[in-house]
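What follows is a short report on a single structure.
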Amino acid sequence: MRYLFADCALDTDRRELRRGSALVAVEPQVFDLLVHLIRHRDHVVSKNDLLASVWHGRVVSESALFNRINAARSAIGDTGERQGLIKTLPRKGIRFVGVVREGETTTVGAMDPGPAAHPARTADAAAHGEGPTLPLPDRPSIAVLPFANMSGDPDQEYFADGISEDLITGLSRIRWLFIIARNSAFVYKGRAVDVRHVSRELGVRYVLKGSVRRAGKQLRISAQLVDAMTGGHHWAERYDRDLGDIFAVQDEITRSVAAAIEPRLLAAEGVRALARSADDLGAWEMVARAQTHVWRLTRQDYETAIAALERAVEAYPDYLPARSLLGFCLVFAAHMGWIDRDRGLRDGRGHAICAIALDDSDPWGHIALGYSALMERRTEELIAALRRAVKLNPNSAAAHSHLCRGLAFAGHDREAIEHGEEAIRLSPLDPEMALFLGGFAVAHYAAGRYAEAAHYATEAAQLRPGFQGVQRMRCASLAQAGRVDEARAFLQIVLREQPQLSIDWVKANVPYQTPQLMERYLEGMRKAGLR
């Protein structure tokens, strides 16, 4: 029997697993586990069922069973963070939830993995309304189509292809995003395609497409993010550059596009999740809905986000995006004074460590861990964790922004500002811009540039009035800049929202990393009238 699912083909007679055209090496027990899950996909398979069928009743440790399940997920490209094919149900078991097509084993020398492995054939069929529809993954999915060369210059073809390839590489660093491989996407090169056909044939919700045009020594690169299900545009941008070092231009453009895509996709997914019934949300939809509250930076929104993410973690304990975002939210809420500090730091750090254990390559787990270390004044750990997040995804504006804040609280103002500026270059219209500006405010204050600190704190507070960290920074900065009356008047407004605020509270909760930096901040708050 041959089972076809996603881009995989599993042949029980030949005991072969293929992904696309590649043969995947699989241990015998892992192969048997996959076969059992697929054959019994109509119900949840318990631990005892697996022990009886795969291990024939032999005693097996929990860790051995867990390792085999992870190996099965890895073999089919379904890591623990995604659970698009193999789903864990707490205290019940696991179930194969992917869409499966069954067929007899082929008699040719090499197994034919079916239409999903032949995008050229299916793309032609789609043009005539004959192509099959692939199911969407349980997380956001995107295809980067080959950028069109509008100049007619054959040499420009390499540049256009390079942009597309680098975008696939850059977007693959976003761990919650499902990226269609280059070979499948490049089938559409040179074709006038309908994005709905792309969605049908490749099983994606979003399509990134664009063009490259050259005139003399000028380049114009255009890019569009399209909802392939509806045809609606979520984002479009045009980049005009001088034609100098072609590789430097290519790197700059791909970084800018990849960084801009992440917040736009998150926003689109959040809107889509909000339109669905709360009883009809999968793991990703629960995270996407929570993300819409996280960006607003208010006490009420964080309470809502934390409650939603805790439900997601309870239902899907191995789902990485829920773990890492919950870890970050708990620590950030503790920093703002919105939840109990000890609970926020303890639970937040626990979720961050769990997220990293699930996937050490996910930047958000390291961001959450770094923020936890920041609050507990473990300076070397916080900087190392946030540098790791940037290294894992150099195109992440959020990673650069949080490293900016961490460095600023440690007194490294110049490097902090560099990373803050990089965050804004990568995502100039980011919904988390208030966090970017808040990092600048902390960096300038730590360096004694109080007027600049007041400027950035004021801008951040205007963008997100509920962001209480920058409200406190504005009080201290105004006072240190000589605008004491203004600082004292604003402090009275702040105290209405933060009645617990005091000098002792600041000492315990504002994470300056040295006594000297803390004393400088306290001096500003005392001048503003805080007791």
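Laboratory data are not the source of any read-out in this text; all were calculated from the coordinates shown. Keep in mind the model is a prediction, meaning the values are calculated, not measured. Ideal geometry is used to build each Cβ from the backbone, glycine not excepted, and the neighbour counts take in all protein chains shown.
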statement: Distance in Å, no decimals, from the C-alpha centre of the range 244-273 to the one of the range 428-505 is 30 Å
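Any idea what the relative contact order of the range 141-250 is, in percent, if you count C-alpha pairs under 8 Å spaced at least 6 apart? Intermediate results must be reported in sequence, preceding the final value.
Values: 197 pairs, mean separation 31.2, N = 110.
Relative contact order here is 28 percent.
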- prompt: Of ASN509, GLN250, ALA223, which is farthest on the positive side of the dipole of the chain, counting Cα position, with +1 on Lys and Arg Cβ, -1 on Asp and Glu Cβ, and the Cα centre as origin?
  reply: ASN509
message: So for the chain, averaging the separation of alpha carbon pairs under 8 Å that are six or more residues apart and normalising by length, what relative contact order in percent results?
response: 9 percent
message: I'd like to know which of ALA398, GLY203, GLY20 lies farthest towards the positive end of the charge dipole of the chain, counting +1 on Cβ of Lys and Arg and -1 on Cβ of Asp and Glu.
response: ALA398
Length released on extending from ALA248 to VAL59, taking residue separation times 0.36 nm less the Cα-Cα span: 62.3 nm
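So for the range 2-103, what are the equivalent ellipsoid semi-axes in whole Å, largest first, each being the square root of 5 times an eigenvalue of the Cα gyration tensor? Spell out each step's value before the answer.
Details: eigenvalues 84, 44, 34 Å².
Equivalent ellipsoid of the range 2-103: 20, 15, 13 Å, largest first.
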- request: Put one equal scatterer on each alpha carbon of the range 394-531, apply the Debye formula with no solvent term, and list log10 I(q)/I(0) at q = 0.10, 0.14, 0.15, 0.19 1/Å to two decimals.
  value: -0.29, -0.57, -0.65, -1.03
query: Can you count the Lys pairs in the chain with C-alpha separation below 24 Å, eight or more apart or on different chains?
result: 5
query: What dipole magnitude, in Debye to the nearest 20, does the range 427-531 give about its Cα centre under +1 on Lys/Arg Cβ and -1 on Asp/Glu Cβ?
result: 320 debye
query: Of all DSSP beta bridges in the chain, what percent run antiparallel (nearest 5)?
result: 85 percent
message: Between (1) -0.40, -0.85, -1.04, -1.25; (2) -0.46, -0.87, -1.02, -1.15; (3) -0.37, -0.76, -0.92, -1.09, which entry matches log10 I(q)/I(0) by the Debye sum over Cα atoms at q = 0.07, 0.10, 0.11, 0.12 Å⁻¹ as derived from the coordinates of this structure?
response: (2)
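Percent relative contact order of the range 2-103, based on C-alpha pairs within less than 8 angstrom and at least six residues apart? Kindly include the intermediate steps, with their values, before the conclusion.
Working: 121 pairs, mean separation 32.4, N = 102.
Answer for the range 2-103 is 32 percent.
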message: With loop defined by DSSP as not H, G, I, E or B, and exposure as at most 16 other Cβ atoms within 10 Å, which is the longest segment of the chain clear of exposed GluC sites (Glu not before Pro)?
response: 131-375
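Counting Lys +1, Arg +1, Asp -1, Glu -1, what net charge surrounds HIS444 among other residues with beta carbon under 9 Å of its beta carbon?
On the way: positive: ARG449; negative: ASP413, GLU452.
So the surrounding residues net to -1.
Treating only the Cβ of Lys, Arg, Asp and Glu as charged (+1, +1, -1, -1), what charge dipole size does the chain show about its Cα centre? Round to the nearest 20 debye.
So the dipole magnitude of the chain works out to roughly 920 debye.
So what is the calculated 222 nm ellipticity per residue for the chain, using -39500 (n - 2.57) for each DSSP H run with n of 4 or more, over all residues, to the nearest 500 deg cm²/dmol?
-17500 deg cm²/dmol
Taking a ≥ b ≥ c as the square roots of the eigenvalues of the Cα gyration tensor of the range 341-448, is the shape rounded (a/c under 1.5), prolate (a/b larger than b/c) or oblate?
Because a/c hits 1.5 or more and a/b fails to exceed b/c, the range 341-448 counts as oblate.
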task: Report the charge-dipole magnitude of the range 2-103 in Debye, nearest 20, computed about the Cα centre from +1 at each Lys and Arg Cβ and -1 at each Asp and Glu Cβ.
output: 200 debye
- request: Please name which of GLY438, ALA410, GLN471 has its Cα lying farthest along the dipole of the chain towards the positive end, using unit charges on Cβ (Lys, Arg +1; Asp, Glu -1) and the Cα centre as origin.
  value: GLN471
